[in-house]
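A short write-up of the structure that comes next.
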Amino acid sequence: MAIHLQMLGANSSSYREQLQETPEEVAAATGIEFGRLIAIEAGAAEPTGDEVLILADHYQCDFKFFISHERVCNPSSRPRPCIGRMATTSQRPTVEPFRSFLYLSETEAYLMAELGRSGEHFSFTPVGSYVKAHGEAAAHALRNRTRL
């Protein structure tokens, strides 16, 4: 699979901005040198295979989509960018579990579709206006439904 340098650079830059991370923060988190990261984002440097995997893991996206824009498991669904943009720097630690959950959910849906399996539909109707309780009640209902 050929790497489209401009697409990879645009994806990397876009994901970094969605997460409100600076290039310095990404460089520190991934171990990729700052100058190299900037060159990759500009489409001026071809990343190594390891760098592609490291960046894809950092941004929690499928590396095939990350390098070629093929629709595999698309991490750029609308909730993820919204979560990234709405979070302030001090809220980032609480946003990370939601990002991870969305990524794992997208991956599970992709794998289920590839295996030809349909998942059971789960619906939950929130009651009241206490949002935290909605999440707790939905999680409880889901656990009860999935128990063996």
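The values are calculated or read from the model by the stated rules, or taken from the named source; none is laboratory data. From a predicted model like this one, the values you see are computed outputs, not experimental measurements. As a convention, Cβ positions derive from the backbone with ideal geometry for all residues, glycine included, and neighbour counts pool all protein chains shown.
Got at least one residue in region 110-122 being part of a helix (DSSP H, G or I), among the charged types (D, E, K, R), more than 25 Å from Glu41 (Cβ to Cβ) and at pLDDT 80 or above? Explain how you work it out, then say what you get.
Filtering region 110-122 for residues part of a helix (DSSP H, G or I) gives 110-114.
Narrowing further to those that are among the charged types (D, E, K, R): 114.
With more than 25 Å from Glu41 (Cβ to Cβ) added as a condition, the list becomes 114.
When the remaining residues are screened for being at pLDDT 80 or above, the result is none.
No, that holds for no residue.
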(request) Evaluate region 87-107: report whether one residue or more is loosely packed, with under 15 Cβ neighbours inside 10 Å, modelled with pLDDT under 70, among the hydroxyl-bearing types (Ser, Thr, Tyr) and touching an Asp or Glu at 6+ places or on another chain (Cβ under 8 Å). (result) no
(message) It is to be established whether one or more residues within region 18-31 are modelled with pLDDT under 90 and assigned to a helix (DSSP H, G or I).
(response) yes
(request) Filter region 16-56 down to residues that are polar (S, T, N, Q) and closer than 21 Å to Tyr103 by Cβ and give me whichever is nearest to the chain's Cα centre (by Cα). (result) Gln18
